[in-house]
Structures are given as C-alpha cells and as structure tokens.
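A short worksheet on the structure shown next.
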There are 2 protein chains.
Amino acid sequence: MNKEKQYKTYTERMQKIADINNAIAVLGWDKEVNLPVKGARFRSQQVATLSGISHELFVDSEFGDLLEQLNAGNSLDIKQKKNVALSLKDYQRNNKLSKEFVIRRSKIVSESYHAWVTANKQSDFEIFKPSLKKLVDLKLEEAELIGYEEHPYDALLDEFEPGMTTAELETLFIDVREQLVEFVKEIKQQPEINSAFLNQFYQKDKQWDYGIEILKTIGYDFGAGRQDISPHPFTTNFSSEDVRVTTRIDENDFSNMLWSCIHEGGHALYEQGLPSDQYGLPLGAHISLGIHESQSRLWENNVGRSKAFWNHHYPALQALFPEHLGDLSVDAFYAAINKVQANLIRTEADELHYHFHVLIRFEIEKGLLEGSIPFDEVKDIWNAKYKEYLGVDVPNDSKGILQDIHWSHGSFGYFPTYSLGSFYAAQFYNQAEKDIAGLEGKIASGNTSELLDWLRTNIHAHGRFYSSQEICEKVTGEPLNFKYFMDYARKKFGSIYGLK
Amino acid sequence: MNKEKQYKTYTERMQKIADINNAIAVLGWDKEVNLPVKGARFRSQQVATLSGISHELFVDSEFGDLLEQLNAGNSLDIKQKKNVALSLKDYQRNNKLSKEFVIRRSKIVSESYHAWVTANKQSDFEIFKPSLKKLVDLKLEEAELIGYEEHPYDALLDEFEPGMTTAELETLFIDVREQLVEFVKEIKQQPEINSAFLNQFYQKDKQWDYGIEILKTIGYDFGAGRQDISPHPFTTNFSSEDVRVTTRIDENDFSNMLWSCIHEGGHALYEQGLPSDQYGLPLGAHISLGIHESQSRLWENNVGRSKAFWNHHYPALQALFPEHLGDLSVDAFYAAINKVQANLIRTEADELHYHFHVLIRFEIEKGLLEGSIPFDEVKDIWNAKYKEYLGVDVPNDSKGILQDIHWSHGSFGYFPTYSLGSFYAAQFYNQAEKDIAGLEGKIASGNTSELLDWLRTNIHAHGRFYSSQEICEKVTGEPLNFKYFMDYARKKFGSIYGLK
C-alpha cells in the first residue's frame, strides 16, 4: 500500500472511531438533559457497548502497525505527519494498559462512585476512605504501566495536560502560595463589597433569554449548537458543527446562570473554532484540558468580569431587571461580580480563592501518591489546609474532602488543569491586548469579535498541532509564567478594593 | 458449546446489535427534535457508521451458523425457540440481499429522495418520474431476491406486515370499495357538521399542558418517556423504559396537537408494554407495523374520538378554553371531532376517508409493480381515482401524487399497514368490550386503565411471539375481518349523522 492509501485508511479508521465516540457523546448529553428516570439502565448498557467497540477499533494491533509504518515514512506533509505522530502516541498510551487492568479499573471506579455517593449523602468520609485507598493504589499501578521519568503523578497529569510535569506545577504553586495568598490577605482587610442584590428574585424566563443573548454576543454560533438546562452546566460536542452548552437557573442567584453561560460559551467557542476538515483527527481536536479551560476562563473572567464588558452590557441588563439594578451603578455591579470572599466550595469560589482549592487538592493528591499523607490523616490535613489557606473551618465532610466527584471517577492529576487554565488565560489575554490595538475600547463598545478572531487564528485553528507549551511560546513568546496572572489580579482587584 | 452457552452468545450478540440500533434511534430522535442546522452533515455520517457496524454484526455468517445450530436443536424452552426462529428468519431475509444490492439501493433511494424534494417543491411530477421508475425496478429486483409465492408485492409487504399477502389485501380492499365508499356517500348527503371552532386561536402553552395531561390520562408513563416538539409527530424508543413521543402545535388548529398526542401515545403504550427482559430479542419487539398502528388507532379513534371519553374529559377542556368551548355542548364537540369530509391529503383525512387514500396508493403500487399502470399515465390515474373515490379534483402534483415521502424512501408495501391498523383496532376493541364488563361506562368515568391492562396482557406482553394473524385469532377468535370496522363505523357515524 502506498502512503497516500495508508493515510486514507488511517483517516477512515479515525473518523469511524470519532463517529462512535460522538454518538456516545450524544447519548451522554441526552442523559444529562432529557433522560427519563427509568431510561438509565439500558442507556448505560448502550454506552458501554459503543465504548467497547470504539476501544477495540483503536487498540487493534493492525491499526498500530499502520501507525508505525506511516510514522516511519517521509512522504507525508507536515500536518499529516503530526496527526500520525499524535495518534501513535495515543495508541501507545492506550496499549500500555492491559484489558485486565482496564476492566479492573472500571470495576473499582464504579464501586468507588457508589461509595462516594453514599459517603457524600451521609457526610461521612470513613465510608469513602477504603475506596480512596484502592483508587490511589490503582493510579500508582497505572502510572507504572504508563511510565514516567520523575514522579508517578507525571504519568497521570499527562492524560489531561500532555507534557506538564509535577516539578513545573510545584514551582507554579509556590508562586500561588507566596504571592496570591498574601495578596488575598490584603484584600480581606478592605471593607466587604455588597453583592446582596445578586441574590434577589430574578425570573427564570428572563434569565434564560439573557443567557442566550450573552452567548450570541460573545460569538457562539447557534447554527452549530444549542443551549439547554441540566443539573450541572457542561459543554459537549459531536463535531465542530454541533457544539452544545447547558446551564442551570437559580431564581435566587443570578450569578449561577450568568457565569455558567459565559464559561461554557468560552469552551464552546474553542470547539466551534476547531477545523472541521480535520474531523476525527488530532488536528481537529483540542490541545489539553488546561488550554480548554484557558478559553472558558478568558471569556468568563478576563472578558466577562471586566469593566469594559459591562460598560457596554450593563444598561440593557438594568432595563431587563430594573427592580434590582435600576438604581445601581455599573461600578457597584462590577465590584459585586468580582467580590473576593473565602468559601468552602471550589465550584462557588471567586476568581482568586479558586486557586487555593486547586492548590490544596494538588498537595493532597501528590501526598497520597507519594505516601507522605496517610489515609487516616488525610481528612484532618484537608481541614487544616482550608484553615491555613482560606481561613475557613470545614463543618462537615460533605462540604470538605467529599465535595468533588472527580476522585471517585478515578481522576487524579485533573484538578491542576483548572488553575493552569486561568494562568494561560491571563498570559494569552495580555498578548491579545498587545496584538489588538485598543482591545479594551472595542470590548467597551460591544465588539468582542476581534478577540475571537485572534483566538481562532492563534489557537483554535491549529487543533493539536502545537502542545500546550508550544502554543504558549508561539503565541506569547515565552513559557507559561504566573506573573501574568498576578499582574492581572493586582491591577484589577487592587483597583476594585482600593489598594495602593 | 452447549445450548445454554450458545443461547447466551446469541442473546449477547442480539443485545449488542440492539444497543447500536437504539443509539442510532437516539441520534435520529435528536436530529428531529434538537439538531442545529449545521450539525446535519456529521450526524448523517455518524448514523451511517453505526448502521454499518450493526449490519455487519447481524449478517455475519458465523452468527448465521449459530442461529442454524440453535434452531435445529431441541433443548431450548418455547420462548427461546421462538426468539431463535424469528432471528433466523430475519437473518435469512437480510442475507438474501447482497452487499452490492444494499449499496446500490441506498444510492438510488438517496437520489430519489432529493428528486422528490425538488419535485414536491416545484409541484412537478415529471422531475420525480424517472426516480419512481428506478425505484419500482429496484423493488421488483428486491422482491425476486427475497422470493415470493404469488405476487412480487408479497415480498415487499412481508417487510412491514409479515405473513400478509396481496391476495388478502385485495379481498379487504374490495370490501372498502364496496361498503365504505357507499357508506361515505350516504353521510355526504347529510348536512355538514360545524367544526369551525376547532380552528380558532388555542394558545400554545395551554395546548402543550393539555397534551401532557391527555397522555397521562391514557396511561403513558413519563418516568419511561417524554414528549417534545418536532415538525412531524413520531414515536421512538431506545428500550421499553425510554419511549418518546413528539407532537406539533398549531395555534389555529387544536386538532393537530390533540390527535397526534393520542395517536403517538397509543404507539408509545405498546412500546412501554413490551417485556424489558427480552430487550434486543424478537420477544421484546413489536409484531408488525399493522399491529403497531392498531394500538395508535385504537387509542386515537375507538377511545379518543368516542362519546364516552369526552363525556368525562370535556368539562375540563371547556374550563381550559372557555372562550371557544364554554357555550358548546359535548355533543357538538363530539360531532366536530368526527366530521367526515373529503380531503386531498392523507395525513389530514378523517377516520373514514383515510382508507380511500390507502386504497388508491395500494392500487397504484400494485399496478406499477405489475406493469399494468404505465409511468406516463400514473399521475392521471392518481387524479382520476381521487375524483372517483373521494370526489375531489387534484389541483397540483404536490397535493396529489407527490404528497407523501414514502416512495422516495423506497417504501412500497408500507401504506396498507395504516388501514390494517384501523381494521385490527376495530376488531380488538370489539373483543375488549366483550371481555371488560361495562367498558364504555368505565371510559365515561375516566377509567381507561382496564383497557390498557387488557391490551398489555393480550397483545403487548407477547412481543413477537405471535404473528399478526395469530394474535388476531388468539385474541378475537377469528382472522382479521373487515366487518368489525364497518360495524363500528356504521354505528358511530350513523348516529352522528342521523342515518337510519
């Protein structure tokens, strides 16, 4: 077979796998948005069947041989080469885990999930502790199978943030501890901002319509997507031409809907911007969870929580909710949506405290894997760290160590990508301000399309051609640097809180 | 392998195929209900990929061997034997069509569909005529491949109504021509019924809520299903525990929503009543399109358009729409929803004229296959038959021979199942009245649950264990007999129209 034919065979196989995975994604979306209660049993079976078929098609050794051959050759163009190299890397990672291990892992994860649900309901960490131990052992085993150079956590990180290392994260989080913790302490000495008006009654239908408007305004294409309601907001896609977001509406908390729309909208803009002619191939996919999160955070925080953005949008919002906002200045609104306040729950954290939650999770995950944190002490350590970094007392396990589902899914090395997202976002946004003349003024006049074009051209259009590290250097001229986030935070919150 | 193991292997394969087919059904439902415009391209590709995988799993010759072996043995119980025998029959039917033929068929169907869309838009049959000729040749070839005893149409019918023959249909439609056409002529000599109030403004949300109520009242389980809006109402299912219906709402035509809810609800009650422990197997599936339609028609017409039903439900409907119905008696409402009036469009036909549409389609399909109707004359013949049976002039092709999509999909032998449904419904309902003491009174007091139980026990619970013919004899003691429909029609419409 000549290279051209081989590449065609490779493409067809990848698209076939993508078709199945996207069908699984439709079933998953439908489960969260539409599924009647009794439908869950057979839906799980249907997803398991499709997952099995997709997995078999990908780990097939003949396909592996094809990838090896294509990768060894020289006749492919640069994009084709990159597709093949990345697919081979994914193939090799997948094939390092035996079928026996994958089945055992899925069994432990399934049991752990149920244990976590019960533990969380009863707010009793003891119920989940044996599962946590099993999960950590499992992840250590997985790390050995995958292989790593310095730290087993590297192997786990690689699944979510290829190329990122534990050592780099440690350096980054030292900055968080030294600079961000101190800065937040300064803020807390300032008078508290009033944000009570955000928790008045905001009528559901009006919130819904406003969310749709905001999505349109940032450039989300409703011709290639839709918004629905689900218990937990998320973004999913079945191609770059069908990218869906969900939100939730709490009539007593306007923030809930507003930030989920902009955040998920940011994720969706990335997916809608991926090249559809690379459907099913690495160059048609997102780079990493950290880069994905950089897109959602950039829209949510750097744009959506900026003064410029609300200078333009606030009058219409006031007109929609005159009873709550009619007499309130845009400055008061802007301060309220940026209020800094320690909170027990990661998903409800403000833009700055957020990273303390991730920092704690990172320290604990690492400690558990290294064996430096004993399982019998992990809960006390969790609580002590919340006291130390956030100054809050954890009242019960459910609001403490059991608050997130991720461990029970077997996801270790996942949380840091949330912080990486914000840090990348700050660095990208800083560059965009340099590249787009008068960006702030443009946003203040309701024009975010140049920013979107910039993101499309510089990031979205490349798919996985560049790694996180490479795209960061290519776009901003240097590796990820926490300085940009700190500069952004100091400037914005220093001004809001009247710090010198 | 012993029989038990073989049967397990058989079951697993069938469930795997069902999982894929049900995933396809989810993608299909989503396409009609949710799909953003740009999502269509990759959605088609995803469905095609899954269909290919499902097809391969079913026509696999090793699986055929397994079916042969299981079918030849003696150690299975009676239900298992039936499952295997039916699967073998399906397998053999499928394997009579070569891969070359299936690909060619799908190509011709796809081209024909596009030709039909254009022809229908321009209301010009000439555009579709070459496709119709190709489709008829294709269906004749298919009939030869499938095999038949008397008439090629038998082979096509068998796909939708296994066991039904052209000869039986001819006998049935002689009755329709002789008895129903005459009866409708009598009705037309009576004064016209006023139904104009059904076309006043009925507010969308109130219609929606009422549709949900009506679905609940007939026993549709919203724990195992949901209702949504789609351009064309339909029922689909992904297991008997997730059976979904759709409706459409026209604010100037209350009937539209009302009858689609009850009709699709009837289909859904059948699917929700199929035994979930036979998921993926013939005994977990419906018998035929005719029996499926008997369930929707029974609820729509025998129950939903009965005096007893509205004696109970009308006061609440009046209270919901007092401006239109407040001063209108239940008798006037009952007459209006049963108004008999010739109409060009099958899908808008009343309960009696409906069968003339099917009769014409049957005569023309048969004539085209036999070659007794030349393609150059088929349109004139269509128009002449509408004049003869319905007394209406066809003003253009779009409202005439191009009105239905089915031929362009390659569906020949499908239309008769619509009439069979009504005829079975009348015969089943007649039996239910004998078996359930005081059924009419029960319905008049809002109780349809005994009727549903009767359908569940006598029909739904068996899956495909009995054929259409067998279930009809088992439940009613005799084969399908048009007399029951005529008796029902004469009694009901004779009374409404004051005939002797």
>> On the basis of being out of contact with any Pro (no Cβ under 7 Å at 6 or more places or on another chain) and either within 30 Å of B:Ile103 (Cα to Cα) or among the polar types (S, T, N, Q) (or both), does B:Glu351 make the cut?
In response: no
> If B:Glu56 satisfies every condition in (1) acidic (Asp, Glu); (2) more than 10 Å from chain A (Cβ to nearest Cβ); (3) over 30 Å from B:Tyr466 (Cα atoms) but one, which is the exception?
Replying inline: (3)
> Can you name the residue in the stretch B:380-393 that is in contact (Cβ under 8 Å) with a residue 24 or more places away in the chain and crowded, with 19+ Cβ neighbours inside 10 Å and is also nearest to B:Val176 (Cα to Cα) among such residues?
Replying inline: B:Tyr389
> Restricting the search to the stretch A:228-239, which residues are crowded, with 20+ Cβ neighbours inside 10 Å and not small (Gly, Ala, Ser)?
Replying inline: A:Pro233, A:Thr235, A:Thr236, A:Asn237, A:Phe238
> B:Glu323 passes all but one of (1) out of contact with any helix residue (DSSP H, G or I) (no Cβ under 9 Å at 6 or more places or on another chain); (2) surrounded by 17 or more Cβ atoms within 10 Å (Cβ to Cβ); which number fails?
Replying inline: (2)
> From the list A:Lys5, A:Lys38, which residue is basic (Lys, Arg), exposed (fewer than 14 other Cβ atoms within 10 Å of the Cβ), in a helix (DSSP H, G or I) and over 24 Å from the mean Cα position of the chain (by Cα)?
Replying inline: A:Lys5
>> Among the residues of the stretch A:56-65, are any outside the structural domain of A:Gly280 (by TED's automatic domain parsing), over 29 Å from B:Leu27 (Cβ atoms) and surrounded by 14 or more Cβ atoms within 10 Å (Cβ to Cβ)?
In response: yes
> Could you count how many residues in the stretch A:143-172 are surrounded by 21 or more Cβ atoms within 10 Å (Cβ to Cβ) and of a type outside the set (A, V, I, L, M)?
Replying inline: 5
> Here are some residues: B:Glu377, B:Glu370, B:Glu363, B:Glu348. Which one is surrounded by 16 or more Cβ atoms within 10 Å (Cβ to Cβ) and of a type in the set (D, E, K, R)?
Replying inline: B:Glu363
>> Restricting to the stretch B:229-243, and then to whatever is in contact (Cβ under 8 Å) with a residue 40 or more places away in the chain and at the interface with chain A (Cβ under 8 Å from one of its Cβ atoms), can you tell me which residue is nearest to B:Asp277 (Cα to Cα)?
In response: B:Ser239
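Residue-by-condition table, conditions (1) within 14 Å of chain B (Cβ to nearest Cβ); (2) of a type in the set (Phe, Trp, Tyr); (3) under 25 Å from A:Pro322 (Cβ atoms):
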{"residue": "A:Ile193", "(1), (2), (3)": "no, no, yes"}
{"residue": "A:Gln200", "(1), (2), (3)": "no, no, yes"}
{"residue": "A:Thr246", "(1), (2), (3)": "yes, no, no"}
{"residue": "A:Phe254", "(1), (2), (3)": "no, yes, yes"}
{"residue": "A:Met257", "(1), (2), (3)": "no, no, yes"}
{"residue": "A:Glu264", "(1), (2), (3)": "no, no, no"}
> Residues in the stretch B:110-125: is at least one over 22 Å from the mean Cα position of the chain (by Cα) and basic (Lys, Arg)?
Replying inline: yes
> In the stretch A:213-225, what count of residues is obtained for those that are surrounded by fewer than 16 Cβ atoms within 10 Å (Cβ to Cβ) and within 14 Å of chain B (Cβ to nearest Cβ)?
Replying inline: 3
> Across the stretch B:410-458, what is the total count of residues that are buried (at least 24 other Cβ atoms within 10 Å of the Cβ) and of a type in the set (Val, Ile, Thr)?
Replying inline: 0
> Name the residues in the stretch B:69-87 that are surrounded by 14 or more Cβ atoms within 10 Å (Cβ to Cβ), over 14 Å from B:Tyr466 (Cα atoms) and free of Cβ contacts under 8 Å to residues at least 40 places away in the same chain, would you?
Replying inline: B:Asn71
>> Residues to consider are A:Ile345, A:Ile364; find the one that is aliphatic (A, V, I, L, M) and more than 26 Å from A:Gln203 (Cα to Cα).
In response: A:Ile364
>> Tell me the residue from A:Asn95, A:Asn22 that is in contact (Cβ under 8 Å) with a residue 24 or more places away in the chain and within 10 Å of chain B (Cβ to nearest Cβ), please.
In response: A:Asn22
>> Kindly evaluate B:Glu32 against the criterion of being within 14 Å of chain A (Cβ to nearest Cβ), within 25 Å of B:Phe238 (Cβ to Cβ) and at pLDDT below 95.
In response: yes
> Out of the stretch A:92-124, which residues are modelled with pLDDT of 90 or more and not in a helix (DSSP H, G or I)?
Replying inline: A:Lys96, A:Leu97, A:Ser123, A:Asp124
>> Could you check the stretch A:41-78 and list, in sequence order, the residues that are part of a helix (DSSP H, G or I) and among the hydroxyl-bearing types (Ser, Thr, Tyr)?
In response: A:Ser44, A:Thr49, A:Ser51, A:Ser54, A:Ser61
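The values are calculated or read from the model by the stated rules, or taken from the named source; none is laboratory data. Remember, predicted model here, so these are calculated numbers, not experimental data. Using ideal geometry, Cβ is built from the backbone for each residue, glycine included, and neighbour counts are taken over all protein chains shown.
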